[in-house]
Amino acid sequence: MEIYMLAILFYVVSITAGYLIDKYLRIPWMLTAVLFGMTLSSFGLFSDVIRSADFQFLSKTGLLFFLFTIGVEIEMEQFRKLGRYIAVGQTLLTLTEGSLLAVFFYFAFPEFVSNSFIVALVCGIAFGTVGEVVLLAILEEFGLVKTRFGQLTLGIGVADDIFEVLALSIIVILPAITSVGVSQSAAWSDLLTTVLVLSGLVFITFLLSKTGKYTRRSLEKVKGDSFVIPFLIFMVLFSFVSFGLTGAEGMEVVAAIFSGIAIKQVLPEKFVEQYKKPIYFVANIFLGPFFFVSLGGKMSLSSLQGYPLLSFIIIAISLFSRISVSYFLFNKLLGKRQSIIMGVGLDTKFSTSVVSEYILLTTGLIAAPLYTAIMAAYIILKPIIIVVFSRGLASIKGEVQ
C-alpha cells in the first residue's frame, strides 16, 4: 500500500513542479525527483518502502529503460564522421576535467575514493560527461544548431556518449581491478568474466550493425501497428540485459545501452521514431521516477552540512577546466568570446554520468559524502549553466557563423 502512495506522491511532484522547472528554467524534471528523494531520505519518510525489494526492482527496471533510450539516441554515423576538432576537443575536455577532479579527490579526501587514484580518476571522468539534450534545446531556441559553433558544440556532446559508455564499463570492472571487497582470486575471475561479457556485447552490437541493412529491408514490409516491432524491441533489450547479468554486478546497465544502439541498427528509421515516445514514456515518466527518487534517497543533508564547500570546489574545478581547454583549443577557430561561451555550455551535466556515480556508491567505491556533493553539484550547476550559456549565446548570436 505504501509503495502506491509514494508513487502517487512523486508522480504528482514530477507533473507539477517538474513540469514547471522544465518549461520555465529548462531544467530536466528528473532533478525534481532527485530532490524529492533527498527530502524523503533526510526526514526518514518512506525509508522502508525505498529499501524494499519491490521498490528496488522498479528502480532498476527504470534505470535499464532509461539507459536503453540513451543507447537509442547514440548516432553511430556521427562517430564515424567525427572531425579532428570534435575528437580531440572531447578527449581533452573530459580527461582534463576528470584528471583535475581526480587529483583533488585523491589528495584531499582519499577515504572517499577507497584510497585509490583509479577510482578517483573514473569518478572524475564520469562527472565530466556532457548532457547534450539541454545543449540542443538551447541552440535550437537561438537558431544556431546548423552554424559551425552549434555543430562543434553538439558534436562534442554526442562524442561524449563514447566516454559515458566507456566510463560505465570501467566502473563495472573496477571492483575486480582494485580488489575492493573481494578476494584476489575472485577479483581475477570477475575481471575475466566481465571482459568476456563486455567483448561479447561489443561484438554482437557490431554484428547487428553489419546485418542491419538486411533486417531493415525485411522489416520495412511489416505494418506499423503489428506486434512484431514492439516484441522485437523488448526481446533485444531483455536479451542484452540477460547476457549482461552473466558478468560482474552492474554489467546489465552497460548491456542496456548497447541494446539501444543495436535496436537502432536493426530497425527501419520509421519504426524507431514511431516507438520512441511510448518507450520514452516508460523510461522517463512511468518507471524513471523510481530510479531518480532512489538517486536522491542516497543523498544526505548531514553530508552537505559536514562538507559544505565540497560541491562548490567541484563546480569551480569543472568550470575552470572546461572553459580553459575550450579557449585553448577553439579560440583561433571561433574567436575568444565564442570559445569561452562554448566552454560554459559544455559544462552542462546530468546525463548517464549520474548512473556512473550511483553505481560507484552502491558498489562501495566512493563514500556517501562525495556522492552527495557530486549530486548537489549537478543540481547547482544546471540552472547556472543554462542562464549563463543562454545569455552568452544572445550576446554573440550576430557574429556566429
Which FRET efficiency value, to the nearest 0.05, is calculated for Leu192 and Phe238 with the Förster distance at 30 angstrom and r the Cβ-Cβ distance?
-> 0.75
Geometric extent, Cα atoms of the chain - Rg, Dmax (angstrom) = 20.8, 62
Put a dot 7 Å past each Cα toward the Cβ at Lys397 and Lys223; how far apart are the dots in nm?
-> 4.8 nm
Taking Cα pairs under 8 Å and at least six residues apart, what relative contact order does the chain come out at, in percent?
-> 29 percent
Per the rule of 0.36 nm per residue minus the C-alpha distance, extending Phe43 to Phe203 adds in nm 52.9 nm
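Ranked from highest to lowest mean number of other Cβ atoms within 10 Å per residue, what is the order of the peptides 330-342, 259-271? Walk me through the intermediate numbers first.
Details: 330-342: 18.8, 259-271: 21.2.
My ranking of the peptides, most packed first, is 259-271, 330-342.
Which value, in debye to the nearest 20, describes the size of the charge dipole of the chain about its Cα centre when Lys and Arg Cβ atoms bear +1, Asp and Glu Cβ atoms bear -1, and nothing else is charged? If you can, show how the numbers build up before the last one.
Working: 28 positive and 25 negative charges, 257 e Å.
For the chain, the charge dipole is close to 1240 debye.
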So for the pair Ala316, Gln274, with labels modelled 7 Å out along Cα→Cβ, what separation do we get in nm?
-> 5.5 nm
Computed D for segment 1-45, Stokes-Einstein, Kirkwood radius over alpha-carbon pairs, 10 °C, 1.306 mPa s, to the nearest µm² per second, is 147 µm²/s
Furthest towards positive pole of dipole, Ile341, Thr16, Gly44, structure part the chain, Cβ charges = Ile341
Under 14 Å from a point 7 Å along the Cα-to-Cβ line of Glu140: which residues of segment 267-308 have their amide N that close?
-> 277
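Given the rule -39500 (n - 2.57) for each run of at least 4 DSSP H residues, summed and divided by the residues of the chain, what is its mean residue ellipticity at 222 nm, to the nearest 500 deg cm²/dmol?
Numbers: 20 runs with 312 residues, N = 401.
It comes out at -25500 deg cm²/dmol, rounded to the nearest 500.
Taken together, the values in this text are just the output of simple stated rules run on the coordinates, not laboratory data. Bear in mind that the values here come from a model prediction, so they are computed numbers and not experimental data. Cβ atoms come from the backbone with ideal geometry, glycine included; neighbour counts cover every protein chain shown.
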